[in-house]
Amino acid sequence: MSTWLWLIPGSPFVGALTIALLGGRLPAARLPWFACAAAGISALTVAAAWLGGAAQEPLRQTLYIWLAVDGWQPSVGFTLDRLALVMVTVVSGVGFLIHVYSVAFMDKEAEQRRYYFYMNLFLAGMLVLVLADNLLLLYFGWEMVGLCSFALIGFWYRDPVKAAAGRKAFTVTRIGDTALAIAIFLLFVQFGTLSFDVLFPLGEGDWEGATAVALLILVGALGKSAQLPLQVWLPDAMAGPSPVSALIHAATMVTAGVYLIARTHPLFELAPGVQWTVAAIGVLTIVYGASCALAQHDIKRVLAYSTVSQIGYMFLALGCGAYALALFHLATHACFKALLFLSAGTLIHSAGGEHHIGRLGELNAGSRTVQLCFLVGAASLAAVPFFTAGFYSKDAILTAAWVAPVGGLLWLFAALGALLTGVYIFRVYLTVFHRSAEPLLRPRGRLPTPIAVPLLLLAALSLSVGFLEFPEGSGGPHTWSTWLESELDLAKHPEHHTTRVLQALSALMAVAGIALAFPLVRRERAGKSLPWQSFLQTGWRFDALYARLFVQPYHRTASALARWVEQGLIEAGLNGLTRGFWVMAAGLRRGVEFGSVERGLTFLVVGLQRGHAMLSATQNGLLSRYAVSVTTGTLALLGFWLFWPWGG
Amino acid sequence: MIPLTHSLFVGALLFTLGAAVVLLRRELLFLLMGLEIMFNGAALSAVAAGQHWQGAEGQVLAIFLMAITTAELVVALILVWLAYQRFQAICVDDLVALRDGRSEDSP
């Protein structure tokens with residue numbers, strides 16, 4: 001099985017290359033299915049890896065040595081251990097479903113070739129990222145997904161707002177990427193290797209650099225996973241097509257930060273302060289995202305803020321040492337958030353590109369299937385007890401947070417987030433689907449199969465994945481965390497009674513949140529808005545703050561530099577230099593060129609012509625004359641050597 | 001036993017005669033004959049010198065000279081024949097195609 005490991009990232013990569021290089025030769029109608037096949041082969045390989053024993057023993061494959069500098073030989077090598085197995089399953093599975101969904105969704109788009117090229121390339125990059133057996137290759141995948149994210153957010157780049165959203169995402173994530181690069185450099189300087197196998201056993205000693213490196217890795221993860229304070233790009237990233245939002249900005253790429261921290265967790269355990277910061281940033285982001293989602297009118301922005309908030313839960317779990325639970329929430333979130341995005345996309349599609357939830361409700365564009373799917377996704381996101389996957393994953397994180405340092409506060413924030421989650425998502429559900437007025441748009445007939453199948457599959461997953469891990473102390477199976485125990489330590493939970501109380505409270509929070517959504521929607525229909533509506537809608541005014549702190553000073557510095565340094569100094573200097581050269585050249589032309597050079601050349605030419613005329617007379621073609629010359633010359637030389645007193 | 005000086009004298013005489021033929025005559029065939037005579041003079045000197053120092057090299061050199069002149073003569077005769085066929089030239093002064101043509105109009 002190990003020999004086929006390359007096929008997991010390789011198949012979408014080859015697919016992307018083929019689409020880019022030979023896509024013009026494929027019939028346009030086949031292109032989407034070709035891209036799907038590339039994603040499907042990858043998903044099938046992952047399935048084969050499950051059957052082929054990857055769940056027991058890590059699979060390894062080294063394709064080749066990338067660079068070889070003395071003792072340092074980073075390879076293009078893949079390791080499929082349990083952590084990576086979870087990630088590749090989510091990425092390739094959800095990725096494949098979203099590719100299939102795209103076939104129908106992007107049907108009418110003009111530039112499908114570019115779309116599928118980046119989708120396949122993204123999938124390849126993401127799979128390289130999670131399979132990489134060293135930090136350098138991981139970073140390669142990390143940058144590849146960043147590039148594809150940029151290109152797909154700005155897919156409709158002719159709209160300047162959308163192109164700007166792509167640039168914003170690229171620039172903001174770059175901050176995190178730079179921090180991650182510096183962390184990699186520091187690790188290399190300290191240990192001389194970047195391979196995970198060698199690095200992480202080494203990391204268990206006492207090393208004071210651990211704090212700095214962990215902090216830098218955290219910043220890298222914050223950028224990619226859109227956590228405070230680098231979260232500003234994700235809501236704008238919704239400018240891309242809905243499948244892109246589902247795949248990149250909900251299910252896979254934004255969780256790369258979670259994966260990175262889980263992968264490097266020994267380092268964070270050396271720096272407990274940083275680890276606690278992870279949890280603190282997580283809870284702040286939970287409340288931030290949930291509160292902002294409350295006030296949004298754009299359905300996709302609600303989901304984007306919700307993603308920010310849900311990844312906050314994963315960070316909270318990472319910060320509490322509950323890595324397996326973070327991954328569990330990652331997997332369930334990938335299912336239900338992809339489901340929400342895809343059903344929202346279908347809704348927007350059938351409403352002719354309408355994003356506003358109020359107007360979507362008036363249009364009543366959703367069919368029964370879409371409504372059902374959205375309800376399942378929303379319930380799972382709100383963590384409705386017992387039925388949904390979201391309940392099992394989120395609940396476990398909440399109880400695990402209690403035992404962390406200052407756990408009570410962390411729990412309080414997270415529980416508040418859970419309450420708000422129920423409110424905002426059911427606000428959207430009720431506004432969009434439960435409209436008493438006469439609908440303006442009759443729901444169309446059946447959904448196209450490539451849309452319906454992924455929706456229903458994801459809905460089924462959103463309900464069922466949770467049963468892998470029952471709540472602590474409930475007596476149900478803990479398949480997930482015991483299976484991951486060999487690689488990621490078990491989470492600590494509080495003692496039995498506290499756990500029970502906490503579980504009951506968080507279940508109550510979810511239900512209370514949903515209940516609160518009803519009066520909120522009624523209030524909104526009556527035309528009243530939330531308190532602090534604009535503050536929440538603009539994402540706590542982070543954009544304005546950053547514009548004032550960074551963007552405007554940057555622009556001002558740039559224009560000042562352009563005016564003073566470029567025009568005043570460099571351009572004036574260059575102008576002066578040019579003028580000086582002009583003067584010098586004119587002088588030289590008059591003095592040297594017309595004077596000595598030209599005269600010298602004329603002299604030379606005339607001399608050569610005279611010489612030529614003289615020599616030319618001897619070249620008369622008469623053989624006998626030549627013979628006479630040769631003989632005379634020979635005789636003269638002989639005479640010189642033989643008889644001249646001082647010759648020879 | 002003929003002294004060395006006598007043989008060398010005859011050789012030099014032959015060489016000079018040959019050279020005189022080459023320099024003074026204009027017919028192509030005469031030029032070739034003159035060349036052959038010059039070669040013979042050289043070969044005679046070589047044989048005489050070999051005899052004088054009791055070595056075989058002089059005779060070897062003479063045989064080589066014969067072989068080489070034969071080969072050279074074959075080529076030369078073909079050229080002479082071609083010169084006659086193409087340019088109707090039997091006289092060396094008729095073959096002046098390699099004259100520097102610009103000598104008249106150069107300043």
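What follows is calculated from the coordinates using simple rules that are stated; it is not laboratory data. Since this is a predicted model, take the numbers as computed values, not measurements. In this analysis, Cβ positions are derived from the backbone assuming ideal geometry, glycine residues included, and neighbour counts consider all displayed protein chains.
Below, the figures for the structure above:
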{"item": "Fewest-first ranking of B:Val80, A:Val258, using other Cβ atoms within 10 Å as the exposure measure", "result": "B:Val80, A:Val258"}
{"item": "Cα shape, the stretch A:375-428, gyration tensor, a/c 1.5 rule", "result": "oblate"}
{"item": "Three-way shape label, the stretch A:1-270, alpha-carbon gyration tensor, a/c 1.5", "result": "oblate"}
{"item": "Relative exposure of A:Tyr313, B:Tyr84, A:Tyr118, A:Tyr259, judged by other C-beta atoms within 10 Å (fewest first)", "result": "B:Tyr84, A:Tyr118, A:Tyr259, A:Tyr313"}
{"item": "Label-point gap, in nm, between B:Ala89 and A:Arg599 - each point 7 angstrom along Cα→Cβ", "result": "4.8 nm"}
{"item": "Computed FRET value (nearest 0.05) for A:Lys528 with A:Trp564, which takes r as the C-beta separation and R₀ as 41 Å", "result": "0.20"}
{"item": "Magnitude of the charge dipole, chain A, Cβ model with Lys/Arg +1 and Asp/Glu -1, debye to 20", "result": "2500 debye"}
{"item": "Cα centroid of the stretch A:608-626 to Cα centroid of the stretch A:164-201, whole Å", "result": "80 Å"}
{"item": "Using distinct alpha-carbon pairs, which all enter the 1/r mean, Kirkwood radius of chain A in Å", "result": "27.9 Å"}
{"item": "Fewest-first ranking of A:Trp4, A:Trp480, using other Cβ atoms within 10 Å as the exposure measure", "result": "A:Trp4, A:Trp480"}
{"item": "Among A:Ala165, A:Tyr259, A:Pro27 - extreme Cα towards positive end, dipole of the stretch A:1-270, charges at beta-carbon", "result": "A:Pro27"}
{"item": "Debye-sum result for the stretch A:50-180 in log10 I(q)/I(0), which assumes one identical scatterer on each alpha carbon, at q = 0.15, 0.16 Å⁻¹", "result": "-0.86, -0.94"}
{"item": "Where only alpha carbons of the stretch B:4-103 are counted, the Rg and the Dmax (Å)", "result": "16.9, 57"}
{"item": "P(r) tail fraction, the stretch A:290-540 - alpha-carbon pairs more than 23 Å apart, %", "result": "49 percent"}
{"item": "Loop chymotrypsin sites (Phe, Trp or Tyr not before Pro), the stretch B:8-79, which have at most 12 other Cβ atoms in a 10 Å radius of their Cβ (DSSP)", "result": "B:Trp53"}
{"item": "Translational diffusion of the stretch A:544-636, µm² s⁻¹ [Kirkwood Rh, Cα pairs; Stokes-Einstein; 25 °C; 0.890 mPa s]", "result": "119 µm²/s"}
{"item": "Between 0 and 90°, nearest 10: helix B:28-52 axis offset from chain B longest Cα axis", "result": "20 degrees"}
{"item": "Whole-Å distance, taken between Cα centres, linking the stretch B:17-44 and the stretch A:34-97", "result": "92 Å"}
{"item": "Rounded tilt (10° steps) of B:4-24 against the dominant C-alpha axis of chain B", "result": "10 degrees"}
{"item": "DSSP-loop chymotrypsin sites (Phe, Trp or Tyr not before Pro) across the stretch A:592-648, with at most 12 other Cβ within 10 angstrom", "result": "A:Trp646"}
